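Here is the structure we will look at, set down as C-alpha cells.
The values are calculated or read from the model by the stated rules, or taken from the named source; none is laboratory data. This structure is a prediction, so every number in the text was calculated from the model and none was measured. With ideal geometry, Cβ positions are generated from the backbone for all residues, glycine too; neighbour counts draw on all protein chains shown. Just the protein is used for accessible areas: all its heavy atoms, side chains included, with ligands, DNA and RNA removed. Shrake-Rupley method; radii C 1.70, N 1.55, O 1.52, S 1.80 Å.
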Amino acid sequence: MHVPDGFFDAPTSVVTGVVAAAAVGVSLRKARNELDDRTAPLVGLVAAFVFAAQMLNFPVVSGTSGHLMGGAIAAVLVGPWTGVLCLSTVLLVQGLLFADGGITALGTNVVLMAVTTVVVGWAVFRGLQVVLPKNTAMVPVCASVGAFVSVPVASLVFVALYAVGGGADISIGGLATAMVGVHALIGIGEAAITFLAVGSILAVRPDLVYGARRVLEQRELVIRSSTTEVAA
C-alpha cells in the first residue's frame, strides 16, 4: 500500500501531510505516558521488526502480494501513541533510503499505514478486551483480530483519498471492491503474524506488552484480594 509520488494530486498530498504531521506531533507528547524504563527499549525492537517484516512480501492472489503493515502489533506492544511514532519512523526510512513510497506522498503513507492501522487496530483490540474474558491468553487473540480489521479499513481510507485526489478515471466502486478483497486476504497474514509475535513476547515477558497491562493489573488485584481473605 506504499503510495508513490504523483499518485494523488497536490492538494490531497498537502492535506494528508498536515494530518500526518499533527498526528506525529500529538503522539510525541502522549507517548511519554506509555513508556517507562522497562518498555522503552522495546520501541526500537518493534520498529526494527516492522521494518524488516515490511520488506518481506507474501503472495495473495492473482499475482498480487502483501506485507505486514504493523499498526496493530505496534499499538499492542508499545501503546498506540508510540505505535504511530514507530510506524512513521519506519515509513520515513523506507521512503528516504529505499524509495519505498514517495517523499511527497510520505504524509499519505503515514495516514494510511501509521495512523489508520494503529487507531483501528487499537480500537478493535480494546473493544474486544472489554467484552471478552480478562486473561492474558486473550491478548494475542484480540490483537490478531484488530490487525485483521485494520488492513481492509486502511484500504478503504486509500479509496476515499483516491476518490478525492486520484489521477486516473476509474470506477471508485470497482476500486473499493478490489482493494478490500485483496487486503482482506492480506489481513489474514497480518493477523497471523500479530498473533505469533504478541503471543511470543507475552509468554516470556508479559510485563513488556502494553496491551496486557490492564489484564495483569486486574489479575494482581485478584491475587492480593485472595491473599487478604486467607490471612483474615
Each label sits 7 Å from Cα toward the beta-carbon; between R32 and F98 the label points are separated, in nm, by 3.3
Viscosity 1.306 mPa s, temperature 10 °C: give me the Stokes-Einstein translational D for the chain in µm²/s, with Rh taken as the Kirkwood radius over C-alpha pairs.
87
Determine the dipole magnitude for the chain: charges of +1 sit on the beta-carbon of Lys and Arg, -1 on that of Asp and Glu, nothing else is charged, the reference point is the Cα centre, and the result goes in debye to the nearest 20.
580
Using 13 Å as the cut-off for backbone N distance, which residues of the stretch 70-90 belong to the label zone defined by a point 7 Å from the Cα of A22 along Cα→Cβ?
none
Between L216 and A10, 0.36 nm times their residue separation minus their Cα-Cα distance comes to what?
69.4 nm
Counting helices only, and only those DSSP H runs with n ≥ 4, report the 222 nm mean residue ellipticity of the chain as the sum of -39,500 (n - 2.57) divided by its residues, in deg cm²/dmol to the nearest 500.
-23500 deg cm²/dmol
Which far-off residues, 5 or more places away or on another chain, put their amide H under 5 Å from the one on G66, with H placed in the peptide plane?
F58, V60
Residue-normalised accessible area of the chain, expressed per residue, 1.4 Å probe, Å²:
48
For the stretch 94-149, diffusion coefficient by Stokes-Einstein and Kirkwood Rh (Cα), 4 °C, 1.567 mPa s, µm²/s:
102
Over the stretch 10-231, with every protein chain in place, what whole percent of the accessible area is carbon and sulfur at 1.4 Å, could you tell me?
71
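Say R0 is 35 Å: what FRET efficiency, to the nearest 0.05, do S171 and K134 get from their beta-carbon distance? If you can, show how the numbers build up before the last one.
On the way: r = 46 Å, r/R0 = 1.30.
Efficiency, rounded to the nearest 0.05: 0.15.
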